[in-house]
Amino acid sequence: MEKAIKILTQNFGLEDSHTLEAYTKTGGYQAVRKVLGKIAPEGVIEEVKRSNLRGLGGAGFPTGMKWSFISKPSKKPVYLLINGDEGEPGTFKDRTIMTRDPHRLIEGVLLASYALGAHTAYIYVRGEFTFCMEALGKAIAEAKEAGYLGKNILKSGFDLDVYIHPGAGAYICGEETALIESLEGKPGRPRNKPPFPAVVGAFGCPTIVNNVETIAHVPQILLNGAEWFAKIGSDRNGGTRLFSVSGHVKKPGVYELPMGTPLREILYEHAGGIIGDSPLKGVIPGGSSAPILRPEEVDVGMDFDQLAKIGSMGGSGGIIAMAEGTCMVWALHNLARFYAHESCGQCSPCREGTGWAEKVLRRIEGGHGTASDIELLEKIAKGMMTRTICPLADACALPILSYLKKYRDEFEAHVREKRCPVRPKRAA
Amino acid sequence: MASVVINGERYDVADGERLIDVCDRVGVYIPRFCYHPNLSVAGNCRMCLVEIEGMPKLQISCNTNVRDGMSVLTDSQKVKEARADVLEFIFINHPLDCPICDQAGECKLQDYYMEVGLYKSRMPQEFKVKKPRKAIRWGSGIVFDAERCVLCTRCVRFMEEVVGKRAIGVTNRGDHEEIALLEPLSTLYAGNLADICPVGALTSEDFRFKMRVWFLSRTDTICPGCSRGCNITAWHKDKKIYRFTPRQNDSVNHAWMCDIGRYSYKEENSSSLILKGWVREGSGTKEMATPELLGVLAQELKGLKGKAKESSVAALVAPDRTNEEIFTVCAFMAEIFGSSRVVLDVPAPKGPKDDLLLTGEMASNPAGLSLFAFRSAKPYTIDAFKQDLKEGKLEAVMLFGDAWEGLEAAWPGMQEAFKALPTLAIFASKRKASFPQARFVIPSASMIQKDGTWVNVTGHVQRVRKAYRLNRDILADGESLGLLAEFMGESFQVGKLEDITKRFLEAIGGLSGASLADVGLEGVSLPSEEQPKHLEA
Amino acid sequence: MSPEVLAFSEEAQAELESILQAYPTKQACLLPVLHLVHREFGYISDPIAEAVAGLLEIPFAVAVEVLTFYTLFARRPQAKYVIQVCRGLSCALLGQEELLAYLKNRLKIKEGEMTPDGLFELKTVECLGGCGESPIVRINETYYELQTIDRLESTLKELSKGPKKGA
Ligand SMILES: Cc1cc2nc3c(=O)[nH]c(=O)nc-3n(C[C@H](O)[C@H](O)[C@H](O)COP(=O)(O)O)c2cc1C
Ligand code: SF4
Ligand code: SF4
Ligand code: FES
Ligand code: FES
């Protein structure tokens, strides 16, 4: 095993890691000095492309390639939106950057804006994260004061304003076009594509949406070079990522590890293994939308491609471990209820399908299900997949299908015994 | 130009055209709830999914623009399955009571599920999200039934995009999403909501539960409400109109009509119409069969034949008569009385005017009337007529039409002025049009009882169509005038409608050579230099 | 109703000004302004929504759509302390159901209800993004991590000491 590489969390140990002083002392804003006005924007995009930086918000889209979709010169203003909505169950990593090293994010925003030709950036922060907004607000003020934001930054002639936009309690606003709608002062209902945001995004202008963690990686990439970053990760998955580990592990928390780190290592070394040293029953590897893995699958390397290969996904990097004794019907019902609650409601398959699945699962879990309910559930999941505006419907359907496939006997036992065989005593 | 293949057939279409529109045009029907050609694309119902070669996922045809070389399947197994699934989703929270639903017969949901054979919803009733069960009156004649709504947002978009008023909104989210009236509708276009709602969630209070649509016959015609001449369908049964609904015509009214026009069908039904004519005798009136009545009138008119400018017989034509009637009246006056004293500058009644459809001229054919008037170098004007009347030069006046409110408004004391006239005859359809001063009231065919053409405010010539004739006493003006001439011992050949239309169009210029068949269902536009001049003011 | 309903404090007024200059359209100010108004008034009723709509020159219907789409805006006055129990999977795996049952019993209210003295209100919410320290209970804007019945009990005791709402 390589020695621990810390990029995003390198300063987390410092007492005042959130301050400008702490950040600049440890090499902060050096990338800006190196790049602004000295390297052409196209050069910056090229560097990011070669670094194999992938979007860490969920989809894993190559960041440099996404940036190249902005056609230049643009007659209209270009907007950069930073996705700090962090709503995927089991994910709690972007908040650590926003509170503990906000300047790293701001420097990344500055570099990305420079590359894109954007002069206004909004950081969309999940509404409940008032502490993040506070920390970011202070950091933005500090950066402005120090000349890293505002007009003619470091005499490069480049201008940038960064604002915080508060969400208000809607998971769907993490989806990039819903986020744009929400920024524009509307309900967060995703848009039909085409047009894509890089062509028609916020306020009708070309727009790029990137995750907090993705952008926070940019300063070090530009400082140390694309090759350095690419080498840290696995094949086509550059650098590190923040894994949020929760559920039945001894040491839950956020772990920064190279892309491709085996899931087993994360669970048993970094997170200390399963509570009470119980056997593992199942693990969600990439946020609640990711199909579940069985214990025999945990040797998978945690990057977008390796997870996709075994039928799951890297997603948001949220790992939820479930020990033996967890009822999988109950767990799935919990997730389905989440998606039903968070569906924006516009697509009929998603609006009706998520709610329907939730009700069928409630029925099965409560011991009132019939054998045909299991098939029905499968049909509902298949019926809503790939037929909607955004992937939320899939995010609900994929877990359903994976639980049904991998723990089918448990569903059948519920129906047969007309009760939950796993958690006989349920809290009221 | 783009060449696309739809279900194996090749079509040449304009590049970038919307796929669902292309399919509609070539006769490949794609089911839909949210798409409406005159509203923005919402893409939310997901019913219109099709398979496009080279794309792994099905695509919605309402948000797909055709590209050259595109190959589309609208009826593959994959598409059919997707449709059935989507339909089932829409259906689970929808009541299963088509037999008592007012939309039955024109409900897309009903059509589609019959097609797919989804008779039984899998979702037990107790699971359904609770929505208010009762229909709510939204005002402006619209009733909302939340539990039938499929959340297609057509109504929201209609109000926002067409009316320009954000009165309807979508509240909450997920399966608690609901359509809500958030501000009073207060628009003269509310009736369209009932038309565009693809299911029975928005219905017209006026039509609700009155009649099952499948019992009604339809006649495609033109709204008589104002000079926009919105294209409509009149729905009728047993010689009674039950409603008017708009017909799509993008050069006139898109898919809309105003409520004034919509509910004006009531004035086209028998209780508002003159069903039998009469003659005033002494202090009373005497009803008579129309031929008899025309016989009496003929006696009074006999011998009044004179020289053109000096004739003692004059006629006035209201701005609601058809082009063919205008032409016929002028021809009759010239041939029988040698008179050119036909007043054609009768102003239309004033009414609401807006940027959408309402023109402010509350009559169907002021443009036709004025175009025909302009054909003559020295038209006989209303002022000249007033002068002649004052000077006692006239012995008989014939009035044709119903829309006299505009004239009366511009001419205080009009009724009084007619008093001294020895003979005043009115050929009218509606009771409200009858002049108290008239000696003769002759029932004339109303818009639903005759064929002809009107010219709308932008110079679009369009067809009105006959659905039925209420009784034998009601005659088209041409028929009446033919009889009248006969009783006077003269001969007046009315001619075929097609010929009159042709001659009218020739007379006004711009569309010479055009025929009734050319006018067709969509109408034809006059070239811009020939457009009605009275509008320039 | 006119924007006069919105009698802002001086700070709020200043915040409003800075919100207005942060966006290219007035409608985009809606979410931040609603948050501001929510902080000032504690809830957003229809008249307040109407006033906000007037202020930002947007239709009232848009304000209502937004208010009802997002979950963080209360439409009526709330209790002094709104207890939000996270029901996300990670918290549920670590005893959230017991915490909720305890709170219901302790406060003698159901989910969505308020204690008669207006002190506490009980809600369940989706994953709060704090699963590293599950189970999470959020009270007003404060996250309480690694909750147990004992810890909750002492927090409730602490909060009960303060002045009651309106007092
Ligand atoms: C339902 C849904 C929720 C999402 N939530 C988030 C989120 O909370 N944070 C995030 O960064 N991306 C989220 N995404 C992914 C975004 O759509 C988008 O891909 C991402 O912000 C792009 O940034 P990246 O390329 O840097 O990952 C979500 C996507 C979906 C479909
Ligand atoms: S899939 Fe669901 S969440 Fe996504 S746009 Fe459609 S209804 Fe909204
Ligand atoms: S009321 Fe009718 S038009 Fe409006 S959203 Fe519902 S189904 Fe569509
Ligand atoms: S008609 Fe295309 S999605 Fe509704
Ligand atoms: S599940 Fe409770 S904070 Fe994530």
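The alpha carbons of the protein assembly as shown occupy a box of 121, 73, 72 Å along the principal axes, longest dimension given first. Note on B:R375 and B:S71: the model spin-label points, each 7 Å out from Cα along the C-beta direction, lie 5.8 nm apart.
When the trypsin sites (Lys or Arg not before Pro) in segment C:70-167 are filtered for DSSP coil states and for at most 13 other beta-carbon atoms within 10 Å of their beta-carbon, the remaining sites are C:K108, C:K110, C:K164.
What net charge is computed for the residues neighbouring B:L358, neighbours being all others with C-beta under 14 Å from the C-beta of B:L358, Lys and Arg scored +1, Asp and Glu -1? Spelling it out: positives minus negatives among the neighbours equals 0.
Of all the options C:S45, C:S90, C:S18, the one that moves most in a Gaussian network model of chain C with Cα springs shorter than 10 angstrom is C:S18. The Cys residues in chain B with no partner Cys Cβ within less than 4.7 Å of their Cβ are B:C23, B:C48, B:C62, B:C98, B:C101, B:C107, B:C149, B:C155, B:C197, B:C226, B:C258, B:C330.
Compared with the dominant Cα axis of chain B, that is its longest principal axis, helix B:323-337 is turned about 10°.
Ranking B:C330, B:L369, B:P319 by how far each Cα lies toward the positive end of the dipole of segment B:305-421 (charges on Cβ) leaves B:C330 at the top.
Ligands, DNA and RNA excluded, the heavy atoms of B:R208 present near 50 Å² of accessible surface to a 1.4 Å solvent probe.
Just for chain A, what percent of DSSP beta bridges are antiparallel, to the closest 5? Could you put the intermediate results ahead of the total?
Working: 16 of 38 bridges.
Roughly 40 percent of the beta bridges in chain A run antiparallel, per DSSP.
What shape does segment A:156-240 have by the C-alpha gyration tensor, where a ≥ b ≥ c are the square roots of the eigenvalues, rounded means a/c under 1.5, and otherwise prolate means a/b greater than b/c and oblate the rest? In terms of gyration-tensor shape, prolate.
Expressed to the nearest 5 percent, the antiparallel share of DSSP beta bridges inside segment A:162-321 is 75 percent.
For B:S3, neighbours were defined as the other residues whose beta-carbon sits under 13 Å from its Cβ, and their charges (Lys and Arg +1, Asp and Glu -1) total -3. Overall, the protein assembly as shown carries a charge dipole of about 1460 debye about its Cα centre when +1 sits on the Cβ of Lys and Arg and -1 on the Cβ of Asp and Glu, all other atoms neutral. Enumerate the aspartates and glutamates that A:K250 could reach by cross-link, defined here as Cα to Cα under 13 Å, with residues fewer than 8 away along the same chain left out. Counting by Cα, and skipping residues close in sequence, A:K250 has these aspartates and glutamates nearby: A:E269, A:D277, C:E133. For segment A:317-353, the set of chymotrypsin sites (Phe, Trp or Tyr not before Pro) satisfying both a DSSP loop assignment and a count of at most 13 other C-beta atoms within 10 Å is empty. Across the alpha-carbon atoms of segment C:65-142, the computed radius of gyration and Dmax are 12.7, 36 angstrom.
Let me check I've understood the local charge: for B:N269, count other residues with C-beta under 12 angstrom from its C-beta, Lys and Arg +1, Asp and Glu -1. What total comes out?
+4
Cysteines of chain A lacking any other cysteine Cβ under 4.7 Å from their own Cβ: A:C132, A:C173, A:C205, A:C327, A:C344, A:C390, A:C396, A:C420. Computed over chain C, relative contact order equals 18 percent, with contacts defined as Cα pairs under 8 Å that lie 6+ residues apart. Dividing the Cα radius of gyration of chain B by its Kirkwood radius returns 1.05 for Rg/Rh.
Just the number, please: carbon plus sulfur as a percent of the accessible area of the protein assembly as shown, 1.4 Å probe, no ligands or DNA/RNA counted. Reported share for carbon and sulfur atoms: 52 percent. Compute the acute angle (0 to 90°) between the alpha-carbon long axis of helix B:477-487 and the principal axis of greatest extent of the alpha-carbon atoms of chain B; round to the nearest 10°. Compared with the principal axis, the helix lies near 20 degrees. Ranking B:D75, B:D477 from most to least accessible surface, computed with a 1.4 Å probe over the protein chains only, gives B:D75, B:D477. The A and B chains share an interface that buries close to 2700 Å² of accessible area, total over both sides, probe 1.4 Å. The candidates C:F120, C:F8, arranged from most to least accessible area with a 1.4 Å probe in the full protein assembly, appear as C:F8, C:F120. What the protein assembly as shown shows is 38 Å² of accessible area per residue, with the surface traced by a 1.4 Å probe over protein heavy atoms.
The C-alpha radius of gyration of chain A, expressed as a fraction of 2.2 N^0.38 Å, stands at 1.00. Residues of segment C:102-131 that lose at least 40 Å² of accessible area (1.4 Å probe, protein heavy atoms only) when the other protein chains are present, relative to their chain alone, are C:E126, C:C127, C:G129, C:C131. Checking every one of the chymotrypsin sites (Phe, Trp or Tyr not before Pro) in segment B:196-291 against DSSP loop status and a limit of 16 other Cβ atoms within 10 Å picks out B:F209. Taking the Cα centre of segment B:382-435 as origin and assigning +1 to Lys and Arg Cβ atoms and -1 to Asp and Glu Cβ atoms, the resulting dipole is close to 180 debye. Based on DSSP H segments of at least four residues, each scored -39500 (n - 2.57), the protein assembly as shown has a per-residue ellipticity at 222 nm of -9500 deg cm²/dmol.
Take A:169-175, B:193-199 and order them by the average number of nearby Cβ atoms within 10 Å per residue, most first; the result is A:169-175, B:193-199.
Rolled with a 1.4 Å probe across the full set of protein chains, the surface gives A:E296 an accessible area near 120 Å².
Against chain A, whose longest principal axis comes from its Cα atoms, helix A:130-145 is set at around 10 degrees. Using every pair of distinct Cα positions in segment A:171-210, the Kirkwood expression returns a hydrodynamic radius of 9.7 angstrom.
What does the charge dipole of segment A:199-338 about its Cα centre add up to, to the nearest 20 debye, if the Cβ of each Lys and Arg holds +1 and the Cβ of each Asp and Glu holds -1?
Dipole magnitude for segment A:199-338 comes out near 320 debye.
On a 30 Å Cα-Cα criterion, which of the cross-link pairs B:K276/B:K496; B:K350/B:K390; B:K210/B:K432; A:K49/A:K151; A:K418/B:K78; A:K186/B:K78 come out too long? Beyond 30 Å: A:K418/B:K78; A:K186/B:K78. When every Cα-Cα distance of segment A:1-116 is counted in 10 angstrom steps from zero, the calculated P(r) takes the values 12, 37, 39, 11, 1 percent.
With a/c under 1.5 counting as rounded, go ahead and sort segment A:70-195 into rounded, prolate or oblate using the C-alpha gyration tensor (a ≥ b ≥ c being the square roots of the eigenvalues; past the cut-off, prolate if a/b is larger than b/c, else oblate). Taking the square roots of the gyration eigenvalues as a ≥ b ≥ c, segment A:70-195 is oblate.
The values are calculated or read from the model by the stated rules, or taken from the named source; none is laboratory data. These figures come from a predicted structure and were not determined experimentally. Backbone-built Cβ (ideal geometry, glycine too); neighbour counts: all protein chains shown. Heavy atoms of the whole protein, side chains included, go into the accessibility calculation; ligands, DNA and RNA do not. Shrake-Rupley method; radii C 1.70, N 1.55, O 1.52, S 1.80 Å.
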